[in-house]
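The values are calculated or read from the model by the stated rules, or taken from the named source; none is laboratory data. Please read these numbers as outputs of a predicted model, since none were measured by experiment. Using ideal geometry, Cβ is built from the backbone for each residue, glycine included, and neighbour counts are taken over all protein chains shown.
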Amino acid sequence: MLQATNAPIIRTDTLKISIDSTLLPSLGEAAVTEAQAEAIPPIMTTEDRVQLLMRAGINKSADWTEAIHYDIRKPNFVVIHHTAQHSINQTIRTFQLQHTKVSAHYVIGKDGRVVQMLNDYLRSWHAGKSKWGNITDMNSVSLGIELDNNGREPFAEAQIQSLLVLLDSLKTKYQIPFTNFIGHADIAPTRKDDPSLFFPWKRLADRGFGVWYDESNLAAPPVTFNEVDALRIIGYDVTNLRAAIIAFKRKFIVTDVSEVLTDYDRRVLFNLYRRYF
Ligand SMILES: [Zn+2]
């Protein structure tokens, strides 16, 4: 049991990081928006930039006395993308141009080369407006991995091999649940379709990244089975049900990506729902 032996030290000064505040006058005590973060000069070092952003985490309306036990928040999801660009160099350049406002933690080339572009603990801008379950800020909880692929071609074997090795290390390092390896289309079904239909989700699930259904046991669901609830419980945003169904089918059915759930699709959905959720 914790026992206070002394009165807590309450400091009234709230400037915990000595940064010239005139550099970024718009930063207040609220969370920094992406628009505000964009205002930070890109030429700053990572350390200076992070310190500046952290100023917004100090609540000016509260007293300050610092606890001594903490570490850094860890990623709990991995979101997989394809770049829809022509080369890994083009993608790297995209993530370094000031006007693009997009990034990812990792880019993997067709030859299996893995390039890290942001520290795992930083919040990259890869998910955009997205939702999974009740999480509405996927950038804050996830790592983004971009696969160099134009969206119309199979993924290279060396690339998938490198991805599997990377996922294995990230899963172990950050204790990421296997259900939390998902695709961009899962979390933004009205806007995104990556990674493409060529992406080997079953192969990933077999290795412990993501979910897949038991093809040998596709029982018909009971009459009470509610497929909208099942999609929602798996994580899909069903606000636009048509988009959610298409996203589900692109991932798990692949050969038919219509907006209608067939009897077979309902069996797959029921199997996934019963198996994992
Ligand atoms: Zn994407």
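Which residues, counting only those in the range 78-91, are buried (at least 17 other Cβ atoms within 10 Å of the Cβ) and more than 9 Å from the ligand (Cβ to nearest atom)?
Answer for the range 78-91, where residues must be buried (at least 17 other Cβ atoms within 10 Å of the Cβ) and more than 9 Å from the ligand (Cβ to nearest atom): Val78, Gln85, Ile88, Thr91.
Could you tell me whether the range 67-76 includes any residue that is surrounded by 17 or more Cβ atoms within 10 Å (Cβ to Cβ), away from the ligand (no atom under 14 Å from the Cβ), under 18 Å from the mean Cα position of the chain (by Cα) and not basic (Lys, Arg)? Steps first, answer last, please.
Our first condition is that a residue be surrounded by 17 or more Cβ atoms within 10 Å (Cβ to Cβ); within the range 67-76, this holds for 75.
Those still in the list that are away from the ligand (no atom under 14 Å from the Cβ) too: 75.
After this cut, where a residue has to be under 18 Å from the mean Cα position of the chain (by Cα) as well, the list is 75.
From what is left, the residues that are not basic (Lys, Arg) are 75.
So far as the range 67-76 goes, yes, one or more of its residues are surrounded by 17 or more Cβ atoms within 10 Å (Cβ to Cβ), away from the ligand (no atom under 14 Å from the Cβ), under 18 Å from the mean Cα position of the chain (by Cα) and not basic (Lys, Arg).
Of (1) in contact (Cβ under 8 Å) with a residue 60 or more places away in the chain; (2) more than 13 Å from the ligand (Cβ to nearest atom); (3) crowded, with 18+ Cβ neighbours inside 10 Å, Glu146 satisfies all except one. Which?
So Glu146 meets the others, but not (2).
Pick out the one residue from Thr190, Thr262 that is within 16 Å of the ligand (Cβ to nearest atom) and either among the β-branched types (Val, Ile, Thr) or surrounded by fewer than 20 Cβ atoms within 10 Å (Cβ to Cβ) (or both).
Values: Thr262 fails: within 16 Å of the ligand (Cβ to nearest atom).
Sole residue among the options that is within 16 Å of the ligand (Cβ to nearest atom) and either among the β-branched types (Val, Ile, Thr) or surrounded by fewer than 20 Cβ atoms within 10 Å (Cβ to Cβ) (or both): Thr190.
Checking Thr100 against (1) within 16 Å of the ligand (Cβ to nearest atom); (2) surrounded by 15 or more Cβ atoms within 10 Å (Cβ to Cβ), which test does it fail?
Condition (2) is where Thr100 drops out.
Take Ser140 and decide whether it is in contact with a helix residue (DSSP H, G or I) (Cβ under 9 Å, 6 or more places away or on another chain), on the phi < 0 side of the Ramachandran plot and of a type in the set (S, T, N, Q).
Values: in contact with a helix residue (DSSP H, G or I) (Cβ under 9 Å, 6 or more places away or on another chain): no; on the phi < 0 side of the Ramachandran plot: yes; of a type in the set (S, T, N, Q): yes.
Criteria not met by Ser140.
Which one of the conditions (1) more than 19 Å from Glu157 (Cβ to Cβ); (2) crowded, with 19+ Cβ neighbours inside 10 Å does Tyr174 fail to meet, given that it meets all the rest?
Failing condition for Tyr174: (2).
What do you reckon, is Asp48 over 23 Å from Ile182 (Cα atoms) and more than 13 Å from the ligand (Cβ to nearest atom)?
Details: over 23 Å from Ile182 (Cα atoms): yes; more than 13 Å from the ligand (Cβ to nearest atom): yes.
So Asp48 passes the test.
Are any of the residues in the range 124-131 assigned by TED's automatic domain parsing to the domain that holds Pro200 and more than 12 Å from the chain's Cα centre (by Cα)?
No, every residue in the range 124-131 fails to be assigned by TED's automatic domain parsing to the domain that holds Pro200 and more than 12 Å from the chain's Cα centre (by Cα).
Counting only residues that are in contact with a Leu (Cβ under 8 Å, 6 or more places away or on another chain), give me the helices (runs of 4 or more DSSP H) lying completely in the range 131-249 with at least 1 of them. Spell out how you get there, then give the answer.
Details: elements: 138-141, 157-174, 184-187, 201-206, 227-234.
Per the criteria, 157-174, 201-206, 227-234.
Looking at Ser140, Ser216 in this structure, which one is more than 16 Å from the ligand (Cβ to nearest atom) and farther than 22 Å from Phe270 by Cα? I'd like the intermediate steps shown before the answer.
Numbers: Ser216 fails: farther than 22 Å from Phe270 by Cα.
Matching residue, one of Ser140, Ser216: Ser140.
Considering every residue within the range 79-90, establish whether at least one is over 20 Å from Ser196 (Cβ atoms) and hydroxyl-bearing (Ser, Thr, Tyr).
Looking for residues that are over 20 Å from Ser196 (Cβ atoms) and hydroxyl-bearing (Ser, Thr, Tyr), one finds none in the range 79-90, hence no.
Starting from the range 56-67, take each residue that is closer than 25 Å to Ala37 by Cα and list its partners that are exposed (fewer than 10 other Cβ atoms within 10 Å of the Cβ) and among the polar types (S, T, N, Q), counting only C-beta distances under 8 angstrom and pairs at least six apart or across chains.
Trp64/Thr12
All but one of (1) without any contact (Cβ under 8 Å) to a residue 24 or more places away in the chain; (2) closer than 18 Å to Ala158 by Cβ; (3) not basic (Lys, Arg) hold for Phe95, so report the exception by its number.
It fails just one condition, (2).
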